[in-house]
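Take a look at the structure set out below.
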Amino acid sequence: MDILYVGGSDLVRSPNHRARHFINFLQQHAARVDVVALKPLYDGAHDASVVDKVRQGVRDYAEDPASVVETGAGTELTVRKLPNRFDPYAQDLWAYLHLGPLKRRRYDVGIFGNPDNALLAWLLRKRGIVDKLVYDDWDYFEGFNRPRHWRRAITWREHLAVSMADVVISVGTLLADLRDEQGARETFVVPNGVNYPLFARAQEKKPHPPTLVYTGSIEDWAGLDVTIEGFAQVRQAIPDARYWIIG
């Protein structure tokens with residue numbers, strides 16, 4: 001079958017994201033896998049002023065609004081997005097305007113992750129571009145600590161994503177139970193996991209100093225600076241303690 005995967009900015013910002021692994025899996029089993037991703041309007045230095053960021057972002061968009069790469073398994077379309085403040089409102093509508101050749105294709109299945117893509121998924125079905133819709137449900141976005149106006153928009157989008165999907169694939173049982181309560185037609189649980197053979201040697205228990213391990217995203221919002229500062233206090237009480245960051 002032919003599949004369209006809409007993953008948004010996670011595919012560009014986090015190359016080890018669940019969405020990227022899902023796509024790699026699909027490419028081994030489908031006839032064709034096309035991908036829609038989003039890249040930042042501005043991707044330069046963080047300490048630039050807002051005006052400089054917008055000015056440079058507009059220039060970058062004028063030169064490269066969208067890029068198309070043929071992967072061998074299909075087409076990967078990457079669209080330069082609007083500023084981040086538009087994330088829960090119009091990023092997916094913006095992406096729809098830049099779909100180009102993908103609008104002329106027909107897919108057996110459209111898979112979308114992140115409720116930011118809900119309206120794009122709705123349009124893809126409305127226009128007959130995709131037949132079946134699958135929501136890759138990898139987080140509880142309603143619970144994010146964000147401003148109220150953002151949470152209201154994302155809550156509406158999350159409910160839309162669940163209600164219109166033919167199938168919901170959740171990362172855990174609690175999330176799947178919530179989607180069932182919200183009216184999902186059918187849910188499956190496919191948790192994030194590890195390559196067990198790769199970590200087999202970790203089963204050989206060896207003595208080691210007291211160790212704190214962080215696994216997850218290494219990004220500015222992850223709060224690692226706070227944990228590192230806190231670990232300095234741990235070292236005062238346990239001098240041989242160590243802190244491993246894996247991300």
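Reported count of residues in the stretch 140-159, each being surrounded by 16 or more Cβ atoms within 10 Å (Cβ to Cβ), without any contact (Cβ under 8 Å) to a residue 60 or more places away in the chain and over 19 Å from residue 174 (Cα atoms), is 1.
Is it the case, given these coordinates, that residue 65 is without any contact (Cβ under 8 Å) to a residue 60 or more places away in the chain and open to solvent by less than 70 Å² (accessible area, probe 1.4 Å)? Answer is yes for this residue.
One line per residue, one yes/no per condition, for (1) over 22 Å from residue 115 (Cβ atoms); (2) of a type outside the set (S, T, N, Q); (3) assigned to a strand (DSSP E or B):
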site	(1), (2), (3)
12	no, yes, no
15	no, yes, no
20	no, yes, no
23	no, yes, no
30	yes, yes, no
37	no, yes, yes
47	yes, yes, no
56	yes, no, no
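Among the residues of this structure, residue 162 counts as one that is under 17 Å from residue 115 (Cα atoms), surrounded by 14 or more Cβ atoms within 10 Å (Cβ to Cβ), within 24 Å of the chain's Cα centre (by Cα) and among the β-branched types (Val, Ile, Thr).
Return the residues of the stretch 128-139 that are over 16 Å from the mean Cα position of the chain (by Cα), open to solvent by less than 40 Å² (accessible area, probe 1.4 Å) and not aliphatic (A, V, I, L, M); say none if nothing qualifies. Even if it seems obvious, please write down each step before you answer.
Here is the first cut: in the stretch 128-139, the residues over 16 Å from the mean Cα position of the chain (by Cα) are 128-133.
Filter again for open to solvent by less than 40 Å² (accessible area, probe 1.4 Å), leaving 128-130, 133.
Answer for the stretch 128-139, where residues must be over 16 Å from the mean Cα position of the chain (by Cα), open to solvent by less than 40 Å² (accessible area, probe 1.4 Å) and not aliphatic (A, V, I, L, M): just 128.
Restricting to the stretch 169-184, and then to whatever is free of Cβ contacts under 8 Å to residues at least 12 places away in the same chain and more than 25 Å from residue 16 (Cα to Cα), can you tell me which residue is surrounded by the fewest Cβ atoms within 10 Å (Cβ to Cβ)?
181
When 92, 52 are screened for being assigned to a helix (DSSP H, G or I), touching an Asp or Glu at 6+ places or on another chain (Cβ under 8 Å) and of a type in the set (D, E, K, R), only 92 passes. Each residue in the stretch 23-34 was checked for being crowded, with 20+ Cβ neighbours inside 10 Å and within 18 Å of residue 191 (Cβ to Cβ), and 1 pass.
Yes/no matrix, rows are residues, columns are (1) without any contact (Cβ under 8 Å) to a residue 12 or more places away in the chain; (2) open to solvent by less than 100 Å² (accessible area, probe 1.4 Å); (3) closer than 26 Å to residue 138 by Cα:
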{"site": "186", "(1), (2), (3)": "no, yes, yes"}
{"site": "189", "(1), (2), (3)": "no, yes, yes"}
{"site": "200", "(1), (2), (3)": "yes, yes, no"}
{"site": "206", "(1), (2), (3)": "yes, no, no"}
{"site": "216", "(1), (2), (3)": "no, yes, yes"}
{"site": "228", "(1), (2), (3)": "no, yes, no"}
{"site": "234", "(1), (2), (3)": "no, yes, no"}
{"site": "239", "(1), (2), (3)": "yes, yes, no"}
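The values are calculated or read from the model by the stated rules, or taken from the named source; none is laboratory data. Since this is a predicted model, take the numbers as computed values, not measurements. All Cβ positions, even for glycine, are placed from backbone atoms using ideal geometry, and neighbour counts span all protein chains on display. Remember, those area values only see protein heavy atoms, side chains included, never the ligands or the DNA or RNA. Shrake-Rupley method; radii C 1.70, N 1.55, O 1.52, S 1.80 Å.
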